[in-house]
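Accompanying notes for the structure given below.
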Amino acid sequence: MSTLPYRLNVGAALFNREGLVLVGRRADLPAQAAEMWQMPQGGIDAGEDPAAAVMRELAEEIGTARAEILAEHDAWLEYDLPPDLVGRAFGGRYRGQRQRWFALRFLGDDTDIRLDADAHPEFIAWRWVKLSETPALTVPFKRAIYERIVLDFARYAAP
């Protein structure tokens, strides 16, 4: 596993006017993980700027990029896949992801969020939650990153 590279990725902590953050339930998770939620995230294309990638990912995953970037995390954050997913997830080409996270303010209305906007939806449901709740909602191998995001982006979790 240690010989495989990390996949470059962006993450979006998208805050609404009340200071809550958007999470989605992935469409591709097995039934036993149906209650796992995550903030929008996705791969960075070759040569793509991370800020452009996060806006593109929002448009693809939630159907709108009606947001403004408030902050970019100052470090790349990494997670490793659990051993049973290495060789299966990401086409077996990566050991995990190296992520650049962004705090964004949602400028639209809830009706702008359209999970069916992409031909291959990432999420089957979404909701607004307190940022502090996100580590408990996500898969265990991403929790350390979510805990870091809770600490570093807490100032944006206000109305």
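Electrostatic bookkeeping for residue 27 treats Lys and Arg as +1 and Asp and Glu as -1; over the other residues with beta carbon under 12 Å from its beta carbon, the sum is -3. FRET efficiency for the residue 27 to residue 88 pair, using the beta carbon distance and R₀ = 22 Å, is estimated at 0.85.
By DSSP, the beta bridges lying fully in region 6-156 are antiparallel in about 70 percent of cases. Between helix 50-62 and the chain, what is the angle of the helix's C-alpha long axis to the longest principal axis, kept within 0 to 90° and rounded to the nearest 10? So the inclination is approximately 80 degrees. Remark: region 136-148, residue by residue, has Karplus-estimated 3J(HN,Hα) of 6, 8, 8, 5, x, 6, 9, 4, 4, 5, 5, 4, 5 Hz, where x stands for each Gly or Pro and the curve is 6.51 cos²θ - 1.76 cosθ + 1.60 at θ = phi - 60°.
The residues neighbouring residue 4, those whose beta-carbon lies less than 15 Å from its own, together hold a net charge of +2 under the Lys/Arg +1, Asp/Glu -1 convention. Give the residue list of trypsin sites (Lys or Arg not before Pro) in region 1-108 that are DSSP loop and have at most 14 other beta-carbon atoms within 10 angstrom. Taking region 1-108 and a limit of 14 other Cβ atoms within 10 Å, the loop trypsin sites (Lys or Arg not before Pro) found are 17, 88, 93. Classification of region 1-86 by its C-alpha gyration tensor yields an oblate form. The axis ratio a/c (a ≥ b ≥ c) is 1.5 or more, and b/c is at least a/b. Among residues other than residue 136 with Cβ under 15 Å from its Cβ, the summed charge is +3 (Lys and Arg +1, Asp and Glu -1).
Expressed in nm², what is the orientationally averaged projection area of the convex hull enclosing the Cα positions of region 34-159? For region 34-159, the mean projected area of the Cα convex hull comes to 8.2 nm². Rounded to the nearest 0.05, what FRET efficiency is calculated for residue 126 and residue 158 with R0 set to 25 Å and r the Cβ-Cβ distance? Working from the Cβ atoms, E equals 0.75.
Bear in mind these aren't lab numbers, they're just calculated from the coordinates by the rules spelled out. Predicted, not measured: the structure shown is a model, and the values here were computed from it. For neighbour counting, all protein chains shown are included, and Cβ atoms are generated from backbone atoms with ideal geometry for every residue, glycine included.
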